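The values are calculated or read from the model by the stated rules, or taken from the named source; none is laboratory data. Remember, it's a predicted structure, so these values are computed and weren't measured experimentally. Note that we place each Cβ from the backbone using ideal geometry, even for glycine, and neighbour counts take in every protein chain shown. SASA here: full protein model, heavy atoms, side chains in, ligands and nucleic acids out. Shrake-Rupley method; radii C 1.70, N 1.55, O 1.52, S 1.80 Å.
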Amino acid sequence: MELLSDAGRLEVSQYSYVLLPLNNQHSHVDCLLTADGKDYLLHLGFPNYPSLEGCTINLSYDLKCIILNKKGFEEQMLQRFNSVEELIEKLGILIKDHHKTNLLCSNTEKPSVATNYSKILADIDAIGWEKLSSVNHDFTELKLKMYDSLNHQHILNVKFNNNVPEFSAEYPRNISIEWQEDSSTLSEMYSLFCQEAEQYQDFWKAMEELDAGCWVLEPENPSRRDTYRKISIAPNVSLKVEVDPNHPYVFPSITWLGSETAVSKLREQILDRIEVWDNDLPINTNLERLLEISLPLKQTLDMGTENSEVTCCICYSERLNGEVPSRTCDNPNCGQSFHIFCLYEWLRSLIQTTRKQGNKVFGECPLCEQPISCNPPAS
């Protein structure tokens, strides 16, 4: 007989327990037992599922007190069961006896108010257990999943802090959710999360087109939250493209990165031909039309062409904390590139040949010794 079944909320007599799959294997079970309006929670772990060997049991404080105050029922006895159902029945009888004899409560004490476990479980029931991606052992952190109209999966992270949940998701804008403690439900917030995803379909499509049609230098591993791409244009020349999530196909905010000699002609060409931009075309296609070039692709560069990722001439690496070299010497006979952090620290270390104006430092290129300046790296 299977120890566990599909994820969901099941009943054992008058008690219920929740089955939570992890990594496509049923290895965790969270059980909720209710008596006289009070919830008791225990978390079971099955590292060797379907075997019971090595099973771990974590009990809520109140349930521990009941067991410790029950003579002849030591906590070690919890390890001796053949199924989750058997354990639930065993604990259920123990809880019922406790409430009859009031071992821990006086006769005048009012029944405890149900904890938020019941409300959270009811909300998940309303949303659908198949939408639950993961949950921690005490139900203070949940991950709910959904698939949008383009079949992209999105995760809503829910973290309960003093009964007020915090929400986050990989959306380009923060989710505007106002939680009313007396009236808001997790189900309502999940619906809002689903509606919000549909607003960004064009944005995500535009970013996917950029990723497919360009050599993307940064971010190294883009998420659906990222609104920019730094793309390669030519050797030692790149372009940072910042896309408006609400209007992804209009002309974006762009920043040229490279020596002034190399980028000045390209910058002027875009300004002179800006009327060519067509909001019905992908961003990379528009850039190629404006610049009258074919944008390089990473896969073509990997196939043996002479271009490759630029190496910083100070640290001799391509990436530093995920960033590529983005400051290039303006000397056309040099044209070497550096990480902002490397160049800034290099110039700061040369006290005799470096001057500072505000936060910007001025000094000499580490290779050709021609004048070069650098703003401080972003924190």
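Of all residues in the stretch 149-175, count the ones that are more than 21 Å from residue 117 (Cα to Cα) and more than 17 Å from the chain's Cα centre (by Cα).
Counting residues in the stretch 149-175 that are more than 21 Å from residue 117 (Cα to Cα) and more than 17 Å from the chain's Cα centre (by Cα) gives 3.
So for the stretch 55-75 (the condition being closer than 21 Å to residue 134 by Cα, in contact with a Ser or Thr (Cβ under 6 Å, 6 or more places away or on another chain) and at pLDDT 60 or above), does at least one residue qualify?
Kept after step one, since they are closer than 21 Å to residue 134 by Cα, are these residues of the stretch 55-75: 55-60.
Then keep just the ones that are in contact with a Ser or Thr (Cβ under 6 Å, 6 or more places away or on another chain); that gives none.
No - not one qualifying residue is present in the stretch 55-75.
In this structure, does residue 183 turn out to be in contact with an Asp or Glu (Cβ under 8 Å, 6 or more places away or on another chain), within 30 Å of residue 120 (Cβ to Cβ), surrounded by fewer than 18 Cβ atoms within 10 Å (Cβ to Cβ) and of a type in the set (Gly, Ala, Ser)? Write out each step before concluding.
Numbers: in contact with an Asp or Glu (Cβ under 8 Å, 6 or more places away or on another chain): no; within 30 Å of residue 120 (Cβ to Cβ): yes; surrounded by fewer than 18 Cβ atoms within 10 Å (Cβ to Cβ): yes; of a type in the set (Gly, Ala, Ser): yes.
It is false that residue 183 is in contact with an Asp or Glu (Cβ under 8 Å, 6 or more places away or on another chain), within 30 Å of residue 120 (Cβ to Cβ), surrounded by fewer than 18 Cβ atoms within 10 Å (Cβ to Cβ) and of a type in the set (Gly, Ala, Ser).
Matching residues to (1) open to solvent by less than 40 Å² (accessible area, probe 1.4 Å); (2) in contact with a strand residue (DSSP E or B) (Cβ under 8 Å, 6 or more places away or on another chain); (3) within 25 Å of residue 33 (Cα to Cα):
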position: 123; (1), (2), (3): yes, no, yes
position: 126; (1), (2), (3): no, no, yes
position: 135; (1), (2), (3): yes, yes, yes
position: 138; (1), (2), (3): no, yes, yes
position: 150; (1), (2), (3): no, no, no
position: 168; (1), (2), (3): no, yes, no
position: 176; (1), (2), (3): no, no, no
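I'd like to verify a number: residues in the stretch 343-379 that are open to solvent by less than 90 Å² (accessible area, probe 1.4 Å) and either small (Gly, Ala, Ser) or not in a loop (DSSP other than H, G, I, E, B) (or both), how many?
Summing the residues that are open to solvent by less than 90 Å² (accessible area, probe 1.4 Å) and either small (Gly, Ala, Ser) or not in a loop (DSSP other than H, G, I, E, B) (or both) in the stretch 343-379 gives 14.
Report whether or not residue 225 is within 19 Å of the chain's Cα centre (by Cα) and open to solvent by less than 90 Å² (accessible area, probe 1.4 Å).
No: the conditions fail for residue 225.
Considering only the stretch 186-216, how many residues are open to solvent by 20 Å² or more (accessible area, probe 1.4 Å) and under 30 Å from residue 234 (Cβ atoms)?
The number of residues fulfilling the criteria is 7.
Can we say residue 238 is of a type in the set (S, T, N, Q) and either in contact with a Phe, Trp or Tyr (Cβ under 8 Å, 6 or more places away or on another chain) or surrounded by 15 or more Cβ atoms within 10 Å (Cβ to Cβ) (or both)? Don't jump to the end; show me each part of the working.
On the way: of a type in the set (S, T, N, Q): yes; either in contact with a Phe, Trp or Tyr (Cβ under 8 Å, 6 or more places away or on another chain) or surrounded by 15 or more Cβ atoms within 10 Å (Cβ to Cβ) (or both): yes.
Yes, satisfied.
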